[in-house]
Amino acid sequence: MSTGEATSFGNISASKLAEIYGTPLLVIDGAVLTAAINEFVSASASTEVEVTYAGKALLLVGIAQLLKESRLRLEVCSLGELTTAQRAGFPPSRIDLHGSGKTDAELRAAADGAVSRTIVDGIAELRALASYASPSSPVAILMRINSGIEARTHAFVRTAGDQTKFGITPRDFSTAARIIQDNAALNFRGLHSHIGSQISDAKAFIRNAARLVDAAARLKRLGLFTSDLVVGGGFAVRSRPSERAPLDVKRTIASIAQEVRKRSKARGIVLPTVGIEPGRALIAPAGTLLYRVMARKRQGRRTFVIVDGGMADNPRPALYGAHPDAKLAGRRSNVRLEMVTICGRSCENDFITDVRLARDVTVGDILAMPMTGAYTYSMASNYNRFPRPAVVYAHGGNHQLMARRETIDDVLRGDVGFLSV
Ligand code: LLP
């Protein structure tokens, strides 16, 4: 019957944050983020697996500042993410550069030492990078391979197999090896393979690790020595706090490390340093989106609750059919629950989720969607010319703005009209 306690972050209530910063609002709970970082760091300590945060899940200067103080490395995939890391003073020695279509400016930055490793995604890119780099300070590269492991996940977030654009296929290994060996400006460090996102099957990670070791053995025969081997990210998280964790992080990391150890021995290669690259698993649990109810209506058999955000700030339901949880956050209610459809306010029938909410939820109430720290703000757009929401960090009884809410002027910043009219 009851919707329980009003939501809070540490001892700061959702309604207080909504009142101060407005809605929609992404709240990052510092204690939850720290716990997630610690979980990965401690799970990988005994196997000496290196953990890299994939910035695409959510990267702000403040996030990079926090990560700088941890032991994590940082993966960036654009000049925007790289500049964010630089503004935070994140050490280049812990940054990796990704991207399946890197621009000249990104390749130049890599060649100029802005990052420690560049993950090369194709043959043409290998040549382009070699042309920017100098033999006097060779650029360290990992070769992203397409391991062919098709993980069971949403097709839109699958990144290996011949239906995907990613990586270098085994067919092209000898060409890649030749280019690398002919270019003193390229320093081959090893291999990378990321197979997708929201993967809950530990075996897929292990199979990917095995393929990487096999590729390392093949490249050894072609004269390339693998010292780093990164199995990518994609560690699945619960979409609702009530669900069980879909993947045992500690066991999965241990199994990956064990597979690499066993297979490296069998294939006669020196044991490489193993790396993983989670994004979602580190930041999703720490994030909660807060919305204010704008309208509530009954149409046909459904009750619609329309909130002041939607697909512009929370695109995962529309893109991947995600169903985040939602609850009344600003107050307690003891009335009966009813099934409602929460919608955003975009022109589409912008469904966010179906949940059970108290029957007395009304205009002005605050709703919270937990576990929404990943791929929400980072994928937010100005669709309908909505300003992007604010992001606030709540920790130890304090709260601090990480990204201010955009203004209408921000939204119109690049709109120059017809300059010559
Ligand atoms: N490394 C590479 C090279 C990646 O491409 C990705 C994600 C990751 C690491 C981190 O994956 P994670 O641990 O966060 O699953 N927008 C989609 C997710 C796309 C992920 C793309 N690559 C979503 O909201 O589900």
Of the residues in the range 91-105 that are crowded, with 24+ Cβ neighbours inside 10 Å and over 16 Å from residue 51 (Cβ atoms), the one that is nearest to the ligand (Cβ to nearest atom) is 97
Within the range 260-295, of all residues that are closer than 24 Å to residue 383 by Cα and of a type in the set (D, E, K, R), the one nearest to the ligand (Cβ to nearest atom) is 280
Criterion: closer than 18 Å to residue 372 by Cα and surrounded by fewer than 15 Cβ atoms within 10 Å (Cβ to Cβ) - qualifying residue of 36, 31, 45, 18: 31
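Step by step: first the residues of the range 296-309, then only those that are closer than 28 Å to residue 378 by Cβ and in contact (Cβ under 8 Å) with a residue 60 or more places away in the chain, then the one that is surrounded by the fewest Cβ atoms within 10 Å (Cβ to Cβ). Which residue is that? Before the answer, list the steps.
Filtering the range 296-309 for residues closer than 28 Å to residue 378 by Cβ gives 304-309.
Checking which are in contact (Cβ under 8 Å) with a residue 60 or more places away in the chain leaves us with 305, 307-309.
On the way: 305: 24, 307: 26, 308: 19, 309: 27.
If we take residues in the range 296-309 being closer than 28 Å to residue 378 by Cβ and in contact (Cβ under 8 Å) with a residue 60 or more places away in the chain, then 308 is surrounded by the fewest Cβ atoms within 10 Å (Cβ to Cβ).
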Of the residues in the range 41-61, how many are closer than 16 Å to residue 227 by Cα and in a helix (DSSP H, G or I)? 0
Every residue in the range 62-97 that is in contact (Cβ under 8 Å) with a residue 24 or more places away in the chain and in a loop (DSSP other than H, G, I, E, B), please. 70, 71, 72, 78, 88, 89, 90
Residue count, the range 176-213 (criterion: acidic (Asp, Glu) and either touching a Ser or Thr at 6+ places or on another chain (Cβ under 9 Å) or within 16 Å of the ligand (Cβ to nearest atom) (or both)): 1
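We did not get these values from a lab; they are worked out from the coordinates using the rules stated. Just so it is clear, the model here is predicted, and its values are computed rather than measured. For neighbour counting, all protein chains shown are included, and Cβ atoms are generated from backbone atoms with ideal geometry for every residue, glycine included.
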